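The values are calculated or read from the model by the stated rules, or taken from the named source; none is laboratory data. All values reported here derive from a predicted model rather than from experimental measurement. We place every Cβ from the backbone using ideal geometry, glycine too, and count neighbours over all the protein chains shown. Side chains included, ligands, DNA and RNA excluded: accessible areas come from the protein's heavy atoms. Shrake-Rupley method; radii C 1.70, N 1.55, O 1.52, S 1.80 Å.
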Amino acid sequence: MQIIKRSMIDTAKRLEGIGEYYFSQKLREIDDLNKQGKQVINLGIGSPDLPPHPDVISTLQEESSKPNVHAYQSYKGSPVLRKAMGEWYKKWYDVDLDPDKEILPLIGSKEGIMHICMTYLNRGDEVLVPNPGYPTYRSAVQLAGGKCIDYNLKEKKNYQPDFDKLEKRKLKKVKLMFVNYPQMPTGELPSKDLFERIVAFGKKHDILVVHDNPYSFILNDSPMSLLSVGGAKETVIELNSLSKSHNMAGWRVGMLCGAKERVEEVLRFKSNMDSGMFLPIQLAAAKALTLGTEWQDQVNATYRQRREMVFDLLNLLGCRFSKEQAGLFVWAKIPGRYKDGYALSDDVLKSSNVFITPGGIFGSAGDKYVRVSLCATVERFEEAINRIRANALHLSTN
Ligand SMILES: Cc1ncc(COP(=O)(O)O)c(C=O)c1O
């Protein structure tokens, strides 16, 4: 008789309810389909497919060929990079930051989300998270022992928090609030008025507002920082990233900006987690931050052209969407014949070998939506459109 032994190695309680990241699982499934020869066109992830500026690459090459750049680096990041980040904030957002005290380079902004949760949350502390929103906010809060309190972002409210509704609930236990504009996945742009309301709300209720701002340069003519609101540093930490704005997602360079005290507090945690970032990467990132409008214009011209094709693709599927969206995606409402975005996504994958993201992975308020990434070439979009058109008859008509 076979005896099934319980594994002696149980995972920690903190992992309960935390699954593998959706895309990590999905990419495996797509890999399997590709091994069967399906040649899936993946329009899921927002990972820029184009390279960084050539000067950024040559800085990395030159710097990494030097003999004295291979040691551990400062936990606070290179002064060269912090200075470049400060100048970048001034130039584009008109925000003054002290590069020595108010900027902390990160190994991608995703890690900053976790560091912030680990730095500030005690078990049971509540955190306001957007629904729909970037799934990492939720998992980082849970891993740190906090409790997520969803605030829904509704299309008819321009995907802005309903402050009147929030004011009516108990906020005493709320310690953090995640906000993100241009919003992912909805593509909603910020306004000055919205930013002022967010800062006022944070101040009134002593909530540390974490603004996650990686998309401000993509398909948006007026990049904005929440730190540009007067007095924001009292209540706001902002995360930013070179992943999307400079086509450097794999390089893992981001930043945390805020009051000196906040930077010191987060550094207490972070300096126990990593041992700095490879210096040549930091110097190349500093180079990237000096690029001007011609770089951003070129990046955006490509995305603009691709976005037109995504509009065609979504029209073909009978989806409804706003054309005024920023960021690397188009967010679209599914037609009524589908139960939810998962059903549409599965249908398109099965019939046409094209993967688009179901909106439900960003929270229940995204159930009736899908999200299409702009990170594929025009030829791939053409191919995706042709496949979907050819299979239109097989797509679900339930
Ligand atoms: C809203 C949002 N925040 C943060 C990130 C993480 O960016 P980074 O590459 O800087 O870790 C992403 C990446 O997809 C994102 O969509």
Taking the stretch 123-153 as the search range and keeping residues that are in a helix (DSSP H, G or I) and either away from the ligand (no atom under 16 Å from the Cβ) or of a type in the set (A, V, I, L, M) (or both), which one is farthest from D206 (Cα to Cα)?
L143
Report every pair of residues separated by at least 6 positions or lying on different chains whose Cβ atoms are under 6 Å apart, first residue within the stretch 254-280 and free of Cβ contacts under 8 Å to residues at least 60 places away in the same chain, second assigned to a strand (DSSP E or B).
R262/I237
Inside the stretch 293-395, counting only helices (runs of 4 or more DSSP H) that do not spill past its ends, which hold 1 or more residues that are among the hydroxyl-bearing types (S, T, Y) and on the phi < 0 side of the Ramachandran plot?
293-316, 341-352
Please work out which residue is surrounded by the most Cβ atoms within 10 Å (Cβ to Cβ), limiting yourself to the stretch 344-367 and to residues that are within 14 Å of I385 (Cβ to Cβ) and not hydrophobic (A, V, I, L, M, F, W, C).
S352
Is there a residue being within 16 Å of the ligand (Cβ to nearest atom), among the charged types (D, E, K, R) and either touching a His at 6+ places or on another chain (Cβ under 8 Å) or at pLDDT 95 or above (or both) anywhere in the stretch 109-117?
yes
Restricting attention to the stretch 191-201, and to residues there that are within 22 Å of S245 (Cβ to Cβ) and open to solvent by 20 Å² or more (accessible area, probe 1.4 Å), which single residue is nearest to the ligand (Cβ to nearest atom)?
S191
Just a yes or no: is a residue in the stretch 108-129 of a type in the set (V, I, T) and within 15 Å of Q282 (Cβ to Cβ)?
no
K175 is checked against (1) within 16 Å of the ligand (Cβ to nearest atom); (2) part of a strand (DSSP E or B); (3) open to solvent by 10 Å² or more (accessible area, probe 1.4 Å) and fails just one. What number does that condition carry?
(1)
Give just the number: which of (1) surrounded by 15 or more Cβ atoms within 10 Å (Cβ to Cβ); (2) assigned to a helix (DSSP H, G or I) does K156 not satisfy?
(1)
Scan the stretch 217-246 residue by residue and report those that are within 16 Å of the ligand (Cβ to nearest atom), in contact (Cβ under 8 Å) with a residue 60 or more places away in the chain and more than 21 Å from V80 (Cβ to Cβ).
F217, I218, L219, N220, P223, M224, S225, I237, K244
Find the residue count for the stretch 238-277, including only residues that are more than 20 Å from S225 (Cα to Cα) and surrounded by fewer than 19 Cβ atoms within 10 Å (Cβ to Cβ).
12
Give the stretch 291-300 a look and list any residue that's more than 18 Å from G187 (Cβ to Cβ) and either at pLDDT 95 or above or open to solvent by 30 Å² or more (accessible area, probe 1.4 Å) (or both), or say none.
L291, T293, E294, W295, D297, Q298
Counting only residues that are open to solvent by 10 Å² or more (accessible area, probe 1.4 Å) and either assigned to a helix (DSSP H, G or I) or hydrophobic (A, V, I, L, M, F, W, C) (or both), how many does the stretch 202-215 have?
3
